[in-house]
Each structure stands twice: as structure tokens, then as C-alpha cells.
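**Student:** Mind having a look at this structure? Questions to follow.
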Amino acid sequence: MMITSRITISLVAACFFGAASFAPAKEKAPAKEKAAGGGTSEYAKGIQLLDSKQYEQAAQEFTRAILANGKQPAFYEGRGFANFELQRYPEAGDDFSKAIELSPKDMRAYVGRSQVFLQQKNYQQALADTEKALEIKPDEVAAIKLRGFAELGLSQWDKAVADFTAAIQKKPDDLQTYDRRALAYRGLKNFDGAIADYTFLLAKNPNDTEALTKRGYTYSLMGEYEKAIPDYQAALKLNPQDNDTFSRLQWTQGQLAAKNAPPPAATTTTTTAPTATPEKPSLFTQIKPLYIVIGIVVLIVIAVIVRLLTRGKAEETSHIIR
């Protein structure tokens, strides 16, 4: 199986911008703000809008901050995350790259740009950015998780399992990581591991249709069709319009029927009675009527020839004088 069409990582503003070191405190004196080049009030407003998911307005405020002071990497980061949420991936990538240019040791910018690369399916560059972020901050769980996404895209299943496991250890309540680790387990054909992760997700939320469908699919890969069918049926009960799951259910039911079908009955060998050897025909039965006719004609011809040869010959007379 694949990366989802849109990777949703919970990189909220509090995670990246909440600390005081990421932005000047609003209570600083105006002289300090002026010395820093301005733009901090616009930036702070942008953070509030980003946190409340008003991404368009947040992008506008970050742009005002950049216009006031184009030397602050955090301003570009903020607009980069707003543009990312607005699915303006090229613009977001440019913002993160500018932040990295201004501050090559800024872990947040590498994390942000790696998400852009993932959306663009540029997994190798995404991997490079996450590794750079982890060089700067080795315990950053978001970077570990994003590296796992990149490894999934590169089919590096074993490395992805390791990263997702590390992310789970640091943040065990992140259910999405279990789902992605299950996919990596499937790539390794470790179906038991995948089943365990899907079962964990369903224990947390029995109505998780995706987990039901994915666990059913994993069971079908194992050939355990009798376990896959109830999962598909439960998913369809929750979402009857899911045609893909309906098709999988039909296929799995067919496979189970074929698996449980009795073996074909042994074919009975019938012995054919030997046919009697035909008797050798008698000599009379071998003489065909045509041969008889030919024989008669030959005899007639011979008789005619003999008659013609003897017709003009003088009869012998006696030598006695009378």
C-alpha cells in the first residue's frame, strides 16, 4: 500500500511558536521593537490567527511583518505554515527556504519544508530536511514522525517502523502514528504487527471505518478471509456508500467460498467391454460383383476370338477315292 493524499500533522502554532524564544515578547519596550526592526506586533497577531485556523488572515499579517522587517526568519516560518495550510505549497516552500537562508540552524523551518516536500512526493528531499532538523534537535517528535513518512514514500519499511515506534514512545496518544506504522509493517509483510496496530486503533475508536477496512484488507492478505469479512461488513454498516470496501467484501467472500469449496469428486474409471474380433470373411464374400462381371466379359471375348479364328478353315476330307 502509500502516503495519504494530504498528510495532516498537528504542528499547531503553540508547538512551533509558543515559546518566548521564537518571537519577541509583546511586552518589550518600543525601543527594543524598533531596534529589532519592527514587525513583531504583526507577527504576534499572525500567530493568534494561525492558532485559530484563520490561515488567510494569518498569512496577511505575516506578510505585513515581513514588509516591516525582512530579516526575521520566524516571520517567514509563520507565513510558510499559513501557506501550507492553504495548500499553497510552492509559496510555503519558498518561505521555509528563506527562513533557512536567514537562519541555517532553525529546526522549525526544516520541519516545515519537509512537509512541503512530502506533499510534492519529493521523499528524498523530505528525508534530508527531517534529518537536518534532527541534527539540530534530536528529540523533536514531529521531525521523527515526518522522517517516517519520507521513509514510507521511499519504501524503507524497516526504518519507518523504527521511527514511528520512537514517535509513539514519545507521544503514545498520537493515533495517526499507529496507522502509519501498520502500513510500514504491511510493507515488511509483518501482518501480525499491522493487525496489532489496527486493533489498538479500534480499541480506542470502534467506529473507525478506515481502521476496520485496513484491518480487513490485512486479514485478506494473510488469507484469513473469515476474519476480513466481519471487518468489511462493520465498515459498510458505518458507511454504506463506500464502494471500495463493498468491492473488497465481495472479492473476499468469493475467495472464502473457493477456499471452503469441497474438492472435486474423483472421476470413476469405466472399463469399456472389448469388442469382438471380426471373423475373417470367406473367400466367396471376398469376391466382389464387379470381379464376376469382368470375368464373364473376358470369357465372352475369348469365345468370340476363337470363333473368328476357326470360321474360314477348310474341313479335313478323307483320302479315299470314291
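**Student:** Going through the cross-link list Lys98/Lys171; Lys189/Lys259; Lys214/Lys237; Lys171/Lys204; Lys71/Lys145, which pairs have a Cα-Cα distance over 26 Å in this structure?
**Tutor:** Listed pairs above 26 Å: Lys98/Lys171; Lys71/Lys145.
**Student:** Also, quick follow-up: DSSP loop (so not H, G, I, E, B), at most 12 other Cβ within 10 Å: list which trypsin sites (Lys or Arg not before Pro) in the range 214-255 pass both filters.
**Tutor:** Those that pass, being in a loop and sparsely packed, number zero.
**Student:** Between Asn69 and residues 5 or more places away or on another chain, which pairs have amide H atoms under 5 Å apart, with H built 1.01 Å from N, and which residues are they?
**Tutor:** HN-HN under 5 Å from Asn69: empty list.
**Student:** Just in the range 32-130: which trypsin sites (Lys or Arg not before Pro) are loop by DSSP and have at most 13 other Cβ atoms within 10 Å?
**Tutor:** For trypsin sites (Lys or Arg not before Pro) across the range 32-130 that sit outside H, G, I, E and B with at most 13 neighbouring Cβ atoms in 10 Å, the list reads Lys53, Lys71, Lys105, Lys121.
**Student:** Using θ = phi - 60° and the Karplus relation 6.51 cos²θ - 1.76 cosθ + 1.60, list the HN-Hα couplings for the range 214-222 in order, rounded to whole Hz, with x at every Gly or Pro.
**Tutor:** Listing the rounded values in order: 5, 5, x, 5, 5, 4, 5, 5, 7 Hz.
**Student:** Ignoring ligands, DNA and RNA, what percent of the accessible area of the range 118-263 is carbon or sulfur (1.4 Å)?
**Tutor:** Exposed carbon and sulfur together represent 49 percent of the surface.
**Student:** I want to check the label-to-label distance for Leu67 and Tyr89. Put each point 7 Å from Cα in the C-beta direction and report it in nm to one decimal.
**Tutor:** Calculated label separation equals 2.9 nm.
The values are calculated or read from the model by the stated rules, or taken from the named source; none is laboratory data. This is a predicted model, so every value here is computed, not measured. Don't worry about glycine lacking a Cβ; one is built from the backbone with ideal geometry, like all the others, and counts go over all protein chains shown. We work out accessible area using only protein heavy atoms, side chains counted, and drop any ligands, DNA or RNA first. Shrake-Rupley method; radii C 1.70, N 1.55, O 1.52, S 1.80 Å.
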